[in-house]
Structure formats: C-alpha cells, structure tokens
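Encoded as structure tokens, the structure appears first; notes follow it.
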Amino acid sequence: MITDPLFYLVAIPAVLLVGLAKGGFGGALTLVGVPLMAVVISPVTAAAIMLPVLVAMDIVGLVAWRGTFDRRVIAIMLPASFGGVLLGYLTATMVSADGIRLVIGLLALWFAAEWFWRSRHQLEPRPRNTAKSLTWGAIAGFSSFVSHAGGPPFQVAVMPLRLPPPVYAGTSVLFFASTNAVKLIPYFLLGQFSADNLATSAVLMPLAPVATLAGVWLVRRVDPKAFYWIAYMVLVPVGLKLIVDGARALFF
C-alpha cells in the first residue's frame, strides 16, 4: 500500500472530483483522476488504483439514477465501447498513452469551442447520427481503457443531443459503469491489480459514495442551461492539461 502523504494530498482531491463527475456533474472531470495522481506515481499505477474506486462510484451512480437513461444512446454506443476496450487490450503493448492524451485533449478543446459558438448562435440540438455514435462509442471505450479518459468522446456524441440533465447523467453513469465493469477483466489479465494497488484503492474507497452522491445532488438542483455551460467549461482546462502532458512526453 502507498504510504507517502504526498500521494494522498493529490489522490484525495482527484477522487472527490471524479466522484462529482460520476454522479453526473461535469463528466469531463473523470479525466483529472489519473493525471493528478500521475504527478506522484506512474500513470499505469494510477489507472490501476483508480479502477476499483471508479467501479464503487458506478454502483452508487447506478442506484441514484436507476431507470433514467436514453435507451437509444446505450443500445448504439455501449457495444461499440466494448469493442474499443477489446482493441485497447489487444494493443496494450503498442499504444502510446501520451499520444492518446494529446489527441483527446485536442478533441476536447475543439468540441468546447464548437459548442460555445453554437450556443451564441442559438442553434438547435443536432439530430442523432448512428455512425457517429458508433465511432465515438468505440473511441470512448478505447480511451477509457488506456487512461480512464472516455469522458470527452462520450460528450462529443451525446451532449449535442441536449438531453435533460438527469437523463444525460443517468445515461453517462450506465455507459461508464458497464464499460468499467468490462475493463476489470483485461486489467486483471495484464497484472495491474497487485496487492499494493488494491490496498491503496481500499483506502480511497470511502470517498467514492460521498463524492458521487454530491454530484447527483448538484445535477438535480442546477438549471439545465447552467449545467451544460459548466460541463463544457470543464472541457477547456482538462483538454489543455491533456495536450500539455501528451506533447511534453512525446516531443520534449
């Protein structure tokens, strides 16, 4: 088990922020968990420690949002996500996590900028597109496997639909709860669940329900327009963080 106080100084805020996202408030916040913890430990270890905590958060979120989700989004995107997880497992030794961070960061900034432009021009919600949903679902599953960074791809596909915040939150929770459950198998096969990692996860676990329920509480009380502004604004610093981290590792 990790005993370094510096680790917990960054890990506790990371888990709390991710829990808010898992409750449905600002889905892109899920991206901050691994990068924050990776400041003091390796990204691979951070991802392994976070996964059991994410699963605990998913259970709380599923109970809180039970029966509240968009069935068409789940029916199309979830099988594609499973395919993305499988691809991540099959290419685990070949894929650069830093390259994925860079690409996802650029996509996050592009998507946030597009949404701000559309909101100023008061454009209507976009119609559903099965091909795009399948594509982004697979990307979400793949990037979620690599570094728990499936939030922005999911948002790219789903947020333009302008679902009511509770429906969006419930859909997001069900999508990632299912994806994370499937990820447990390849993570185990790759040997990422060591005794030390699991013990550290157990120490952080009590924060999971508190933070997740706080996210549920916020979603149910925030005005829908404000909800989407907050969710998109979160994409900007997270996207910049991913770009900086990816570019620094790849080019400097």
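The values are calculated or read from the model by the stated rules, or taken from the named source; none is laboratory data. From a predicted model like this one, the values you see are computed outputs, not experimental measurements. Every residue, glycine as well, gets a Cβ built from its backbone with ideal geometry; the counts of neighbours run over all protein chains shown. Heavy atoms of the whole protein, side chains included, go into the accessibility calculation; ligands, DNA and RNA do not. Shrake-Rupley method; radii C 1.70, N 1.55, O 1.52, S 1.80 Å.
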From most to least accessible, 1.4 Å probe, no ligand or DNA/RNA atoms counted, Met57, Met94 line up as Met94, Met57
The stretch 154-248, accessible surface, carbon-and-sulfur percent (1.4 angstrom probe): 74
Please identify every one of the trypsin sites (Lys or Arg not before Pro) in the stretch 42-81 that sits in a loop by DSSP and has no more than 16 other beta carbons within 10 Å of its own beta carbon. Arg66
For Trp217, Trp229, Trp65, give me the order by solvent-accessible area with a 1.4 Å probe, most accessible first, ignoring ligands, DNA and RNA. Trp217, Trp229, Trp65
Residue list for the stretch 2-23, given a label point 7 angstrom along the Cα-to-Cβ vector of Ile230 and an amide N cut-off under 20 Å: 13-23
Helix-only [θ]222 nm of the chain, DSSP H runs n ≥ 4, -39500 (n - 2.57) each, per residue, nearest 500: -25500 deg cm²/dmol
How about the stretch 141-234: which trypsin sites (Lys or Arg not before Pro) there are in a DSSP loop, with at most 11 other Cβ atoms within 10 Å of their Cβ? Arg221
With every protein chain kept in the model, how would you rank Thr135, Thr93, Thr179 by accessible area, 1.4 Å probe, largest at the top? Thr93, Thr135, Thr179
Furthest towards positive pole of dipole, Val95, Ala46, Thr135, structure part the chain, Cβ charges: Thr135
With every protein chain present, what is the per residue accessible area of the chain (1.4 Å probe, Å²)? 44
If you bin the C-alpha pair distances of the chain every 5 Å from 0, what whole percents do you get? 1, 7, 15, 19, 22, 18, 11, 5, 2, 0, 0
Segment Arg248-Ala181, length gained on full extension (0.36 nm per residue, minus Cα span): 21.0 nm
Rounded to the nearest 10 Å², what accessible area does Phe251 have for a 1.4 Å probe in the complete protein model? 140
By the DSSP-based rule, helices of the chain that are at least 20 Å long along the axis (C-alpha) and have a mean Kyte score of at least 1.0 are 5-22, 43-64, 71-90, 224-251
